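Undergrad: Pasting in a structure now, in structure tokens, and then I'll have a few things to ask.
Taken together, the values in this text are just the output of simple stated rules run on the coordinates, not laboratory data. Please read all numbers here as calculations on a predicted model, not as lab measurements. Glycine gets a Cβ as well: all are built from the backbone with ideal geometry, and neighbour counts include every protein chain shown.
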Amino acid sequence: MVSALLLTFFIFHIAFIYLEKYKPNHKLMKLHKKLHWVYQVMPPVLLAFLFTKNGPGLWFLMSIVFISGGISIISILIKLFKLHKNKEFLLRPALTIIIASVFFILAENSVTEAKAQTIEIAKNIEKICKQNKECPASIKSWKEVEIDKTYSSKVGNFITYPVIYRNLGDHFTLYIYQSLDWGTEYSAGVDTALQIKNHM
């Protein structure tokens, strides 16, 4: 879907440049005006199509979103400073900032909810550890990762994040991946209280 939209935008871009340069006749001038509006709206729309319900993937894409949003803010400031007569040129950066803001709100709220769920899971496992004087070897319904003898599941609602459980005998760790290379570790055990460490 995204590839098809990018190809369509590329075709529109070539046509827009041609019409902008040559403006051959009246009919094509009308087409030029229509393409102008498409040219303003399509880039932010393409950005919206990058949305994913995979939490770490969404946070990875946030780098692209932040860069696009930053460029758009600078673009608006420059156009306002120069008192640009064609206010429709503000449409594209304004839409980009709106979409970037929505991305950030969704990402921030989703990871907050996912971490809250992980804390509840950690507290329940901690109770079992203290009651049985050892931590459970596995968690029911979680998928076993045979390579390193851990168990994985997902937390979150609409946007989900992978979480890994590791049994270490008298204590355990839960690790939630916020992005591809950072996350939060929750650990507790028979004689240790719940501890939280952020890994960047």
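Undergrad: Among the GluC sites (Glu not before Pro) within region 93-128, which fall in a DSSP loop and have no more than 13 other Cβ atoms within 10 Å of their own Cβ?
TA: none
Undergrad: Around Lys130, what is the net charge, scoring Lys/Arg as +1 and Asp/Glu as -1 over all other residues with Cβ under 13 Å from its Cβ?
TA: Summing Lys and Arg as +1 and Asp and Glu as -1 gives -1.
Undergrad: What is the sum of charges around Ala193, taking Lys and Arg as +1, Asp and Glu as -1, for the other residues whose C-beta is under 14 Å from the C-beta of Ala193?
TA: Once positives and negatives cancel, what remains is +1.
Undergrad: State the extension gain, in nm to one decimal, for the chain segment bounded by Leu168 and Ile71, taking 0.36 nm per residue of separation less the distance between their alpha-carbons.
TA: Result: 30.2 nm gained on full extension.
Undergrad: For Ser63 and Asp191, what does the FRET efficiency come to when R0 = 30 Å and r is the distance between their Cβ atoms, rounded to the nearest 0.05?
TA: Result of the calculation: an efficiency of 0.15.
Undergrad: Given Lys115/Lys149; Lys123/Lys154; Lys123/Lys197, which pairs have Cα atoms separated by over 21 Å?
TA: Lys115/Lys149
Undergrad: Considering only DSSP states other than H, G, I, E and B, which chymotrypsin sites (Phe, Trp or Tyr not before Pro) in region 88-170 qualify as loop sites with at most 16 other Cβ atoms within 10 Å?
TA: Trp142, Phe158
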